[in-house]
Amino acid sequence: QDVVLPTLCSLVVRSSNFKVRTNACAALACVPLRRYYGAHYLAVWKAVLDGLDNALNMSDFREVKHQDGLLEQLCLTLCHLTSLVELADLSALYEVAVYHVDTLQQHVSRFLNSTVPERADAVLRAAASLALLKEQQLTVTQRNSVTILSDVFTFDI
């Protein structure tokens, strides 16, 4: 975990090959439980957000055919990470999410509008997880974090 997760994060952000980035991102979403991310959970979030931010920047236009797949996988991975978020993650996650909320909303909305219903289920799982967190006793920062993320992952269907 101390080698694999940072390596995958680096690939998601820095690889010039979009297929490599997509596969690294998919691997990050294969981690089944929050505890397996350990101390790397927030770093994985940051890497996926950075990957989303720079997915539109291409130095090699041969990669354009893989861009949509990368964007979809980045959104799926964010949904997965959100579905695993725990109370203890919320304050630190607020500091990350608050600066990316517009990008998050734009890409998750586009993902929802363009993906097949089976994949859209990932957004519903993320929203359900956030709804459960909302019911807990939260600090102001934790509540703000849940609110920001709920705004991103909750849509009228």
Q: Working only within segment 9-27, note down all residues that are assigned to a helix (DSSP H, G or I), surrounded by 15 or more Cβ atoms within 10 Å (Cβ to Cβ) and without any contact (Cβ under 8 Å) to a residue 24 or more places away in the chain.
A: LEU11, VAL20, ASN23, ALA24, ALA27
Q | Candidate set from segment 65-96 (those that are of a type in the set (Val, Ile, Thr) and more than 17 Å from PHE111 (Cα to Cα)); member that is surrounded by the most Cβ atoms within 10 Å (Cβ to Cβ) | A | VAL85
**Q.** Matching entry among THR22, THR77 (being among the hydroxyl-bearing types (Ser, Thr, Tyr) and either within 25 Å of SER150 (Cβ to Cβ) or at pLDDT below 95 (or both))
**A.** THR77
Q: Could you please tell me which pairs satisfy a Cβ distance under 9 Å, a separation of 6+ or placement on different chains, a first residue in segment 100-119 that is within 15 Å of TRP45 (Cα to Cα), and a second residue that is aromatic (Phe, Trp, Tyr) and part of a helix (DSSP H, G or I)?
A: LEU104/PHE153; VAL108/PHE153
**Q.** Test result for CYS30, closer than 20 Å to ALA120 by Cβ and either surrounded by fewer than 19 Cβ atoms within 10 Å (Cβ to Cβ) or out of contact with any helix residue (DSSP H, G or I) (no Cβ under 8 Å at 6 or more places or on another chain) (or both)
**A.** yes
(Q) Conditions first: (1) farther than 27 Å from PHE18 by Cβ; (2) of a type in the set (S, T, N, Q); (3) surrounded by 16 or more Cβ atoms within 10 Å (Cβ to Cβ). THR115 passes all but one, so which condition is the exception? (A) (1)
Q) GLN136 versus (1) outside any helix (DSSP H, G or I); (2) closer than 20 Å to PHE18 by Cα: which is the lone unmet condition? A) (2)
Q | Odd one out for TYR99, checked against (1) in contact with a helix residue (DSSP H, G or I) (Cβ under 6 Å, 6 or more places away or on another chain); (2) surrounded by fewer than 15 Cβ atoms within 10 Å (Cβ to Cβ); (3) of a type outside the set (D, E, K, R) | A | (1)
Q: Please go through segment 77-135 and pick out each residue that is among the charged types (D, E, K, R) and either more than 19 Å from VAL31 (Cα to Cα) or under 11 Å from the mean Cα position of the chain (by Cα) (or both).
A: GLU95, ASP102, ARG110, GLU118, LYS134, GLU135
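The values are calculated or read from the model by the stated rules, or taken from the named source; none is laboratory data. These numbers were taken from a predicted model, which means no experiment stands behind them. Here Cβ is always computed from backbone atoms with ideal geometry, including for glycine, and neighbour counts include all displayed protein chains.
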